[in-house]
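Presented below is the structure to which this report refers.
The values are calculated or read from the model by the stated rules, or taken from the named source; none is laboratory data. Nothing here was measured: the structure is a model prediction, and the numbers come from that model. Note that we place each Cβ from the backbone using ideal geometry, even for glycine, and neighbour counts take in every protein chain shown. Quick note on the areas: whole protein, heavy atoms, side chains included, nothing else; ligands and nucleic acids left out. Shrake-Rupley method; radii C 1.70, N 1.55, O 1.52, S 1.80 Å.
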Amino acid sequence: MERGKVKKKEKGKEPEREKIRGRGKEEKDKRKEVEKGNEKGKEEEKEKEKEQFKGKEEKEKNNSALAKPQLELPEKNNHILVLGLDGAGKTSVLHSLALNRVQHSKAPTQGFNEVCISTEDSQMDFLEIGGSEPFRSYWETYMSRGILLIFVVDSADHNRLPEAKKYLHQLIETNPFIPLVVFANKQDLKTAYHITDIHEALALSEVGNDRKMFLFGTQVTENGSEIPSTMQDAKDLIAHLAAGMQ
Ligand SMILES: Nc1nc2c(ncn2[C@@H]2O[C@H](COP(=O)(O)OP(=O)(O)O)[C@@H](O)[C@H]2O)c(=O)[nH]1
Ligand SMILES: [Mg+2]
């Protein structure tokens, strides 16, 4: 496993913003912007109601079949891809990285979730693709255009680790050089596997000698608290890797 030496930035120095564009049919108007600070209250309540309603609609739609959903597909290249099985914590991790504050996701991602993180000296365009069955068919499509793969696993979901491993290896086979950053998430849970076990369960020693690979133990715990230092380190590393791939 390779560890990158990345200069640590001063936390909280530059204001960061993220833009989130839900791309599912129902998600278009869902979330426009997540910003640090106060713009909560009433707006948030309204959004919550909307989300609940949309979630219901999506559920009904998806129950009918596992067919490819009708989605507006992101066209941009050079994305940092955020993939992994549903429920692993992709959205939570991504939003926490964007805000430097823990932010639990409120609903499963139905389709695409684009998040742009701008810092003083760089801009990173993340693309999360929903991890449930109907959306996995899009993963490979975006692999060839991605510059970095962040693969998130639920370290406590032991039963699904073989499935996660299968998808991960299928994905990286399609792009032999894309750097890989694995987040062994939910380390706060008592039953979570340690990162050395995750390394083994995902057969990370087999990802190829020509590929840069990094593994982080992550956790998204109390809403609003500062992200753990490992997540800050991961964010710095991702910025460094992404800059090298542009
Ligand atoms: N305990 C714990 N729960 C988490 C963590 N990360 C995410 N979750 C929860 O796991 C569920 C799925 O998270 P989400 O980010 O939507 O997963 P996604 O489907 O991969 O995007 C949500 O209820 C989150 O609050 C974590 O590190 N620890
Ligand atoms: Mg999600």
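Tabulated results
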quantity: ³J(HN,Hα), Karplus 6.51/-1.76/1.60, whole Hz, each residue of the stretch 72-77, x for Gly, Pro; calculated: 7, 8, x, 9, 4, 8
quantity: Rounded FRET efficiency, nearest 0.05, which uses the C-beta distance separating Ser118 from Glu75 and R0 of 22 Å; calculated: 0.65
quantity: Candidate residues Asp125, Asp236: accessible-area rank, largest first, probe 1.4 Å; calculated: Asp125, Asp236
quantity: log10 of Debye I(q)/I(0), alpha-carbon scatterers only, for the stretch 170-217 at 0.19 Å⁻¹; calculated: -0.62
quantity: Rule-of-thumb Rg ratio for the stretch 89-201 [Cα; 2.2 N^0.38 Å; N residues]; calculated: 1.07
